[in-house]
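Worksheet: the structure to be examined is printed underneath.
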Amino acid sequence: MGATTFLGSMTGSALAAGCGGQPMEAGRHRITIETDGIARSAIYFIPSSYTGKDKVPLVFDLHGSHSNPEGQLNRSSWDKVAEKNGFIVLALQGSLPGSSGGTYAWNVPFVTVQQGGLDEIAYIKQALNTAKQQFCVDPARIYASGYSGGGRMLSAYLCSGHDDFAAAGFVHSLRAGRPVETDGKWGPDAQGCNPARPVSIMAFAGVKDAANPYAGGGNTYWQYGFKTAIQRWTELDGCKGNGDVKTVDGVTFSLYGTCKNGARVASYVFANGTHDWPKPVAATEAVIAAAKDGAASVTKVAAVTVSKPAFDANVDPASRMWEFFGKADSTDVIATAAPAKIGSAGKSGTGVASGCGTEADLQGTTCNSNQPIDMRRSGQGVQDAL
């Protein structure tokens, strides 16, 4: 971890870098961003290819509840994808205290009420402004990704009408406004989500997610399900078609490729997925799994070669989001993903990250306990809703 850098609410020459050709040390570095007179923390990652002369993309990475920027980068591997592809990552930190020391959560507008919560919308906006001044970034290629509570925060940011991000990704977290109950049915508040423009969305969900249930319910800040959230975003983005649904090895991919202003809405649903961040199966594990089938595996590999699957079900969310972000003007987001050489027979090609075995693990995961369903009129004003 590099030294701490202060990125205040300064402008112009007060911030040294920009595109002045000043190189920066590669790796992760802590920063402090002053917002409304309050020092906020974050971590940024600089790839080894960064020169300070050529404009590069920037990806925001928002952690889940009871986590932190360091733990989120460990989970998402956005910094590894950034090193490979030459862009900067900025992982922000929520203002609410988490369940253990050194962990945090987001003060999501309209659904979280807890002492100590700050204006997260202003924080994200200030982080965007100072990052544009401090780093040599392309303002047309700034994207964002959120996990769990971080994705709910990102949803709220987009719904608030800010148009800073060219595209956004969500892991177990997509929302389209606070939950409200109408005629006994929960759905997103139609008046509470007003994006500035159609925005491309890629979202991931696990059918067995107990923290943010796929079908809805759960905590009062959640209530409506993943399909409802996706459907609402297709309406907000003015999408056409039926999503062109495909399923391979327990993973279902859907793409609304024709929306207003070139936006698209894509999703991956894991039949056996939980709330953990999906992790792709290593190539060596896939080879071992196939080898257990003996000589029969030769026939299966040959069959795959002849009959190519609809898409690669061995999904790494950060890599898949990056491909999606970079092809906002293309209709092809699945062919670019290199298919796994050998898939595990009869099983999904995607595993999940481990849970909360140690204190270090706790800082890198959500670890929400199941909460009883509380069917309120709306999700606003929920105490301790992280």
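The values are calculated or read from the model by the stated rules, or taken from the named source; none is laboratory data. The shown structure was predicted, so the numbers you read here are calculated from the model rather than taken from an experiment. FYI the Cβ positions are ideal-geometry reconstructions off the backbone, even for glycines, and counts take in every protein chain you see. Side chains included, ligands, DNA and RNA excluded: accessible areas come from the protein's heavy atoms. Shrake-Rupley method; radii C 1.70, N 1.55, O 1.52, S 1.80 Å.
On a per residue basis, the stretch 195-254 carries 37 Å² of accessible surface, using protein heavy atoms and a 1.4 Å probe.
Principal semi-axes of the equivalent ellipsoid, √(5λ) from the alpha carbon gyration tensor of the stretch 123-237, are 27, 15, 12 Å from largest down. Computed over protein heavy atoms with a 1.4 Å probe, the carbon and sulfur contribution to the accessible area of the stretch 6-142 reaches 50%. For the stretch 178-220, the set of chymotrypsin sites (Phe, Trp or Tyr not before Pro) satisfying both a DSSP loop assignment and a count of at most 14 other C-beta atoms within 10 Å is empty.
Remark on Trp277: its backbone amide H falls under 5 Å from those of Ala353, a criterion applied only to residues 5 or more positions apart or on other chains, H modelled at 1.01 Å from N. Computed over protein heavy atoms with a 1.4 Å probe, the accessible surface of the stretch 24-141 works out to 35 Å² per residue.
Per residue, the convex hull spanned by the Cα atoms of the stretch 85-143 measures out at 125 cubic angstrom. Here the stretch 231-276 is described by how far its Cα atoms reach on the three principal axes: 34, 20, 14 Å, from widest to narrowest.
On full extension, the segment bounded by Thr258 and Thr32 gains 77.4 nm, given 0.36 nm per residue less the C-alpha separation. The simple Förster model, with R0 at 30 Å and r as the Cβ-Cβ distance, assigns Lys308 and Lys227 a FRET efficiency of 0.60.
3J(HN,Hα) along the stretch 225-240, derived from phi through the Karplus expression 6.51 cos²θ - 1.76 cosθ + 1.60 where θ = phi - 60°, amounts to x, 5, 4, 5, 5, 4, 4, 5, 5, 5, 6, 4, 8, x, 7, 10 Hz, with x in place of Gly and Pro.
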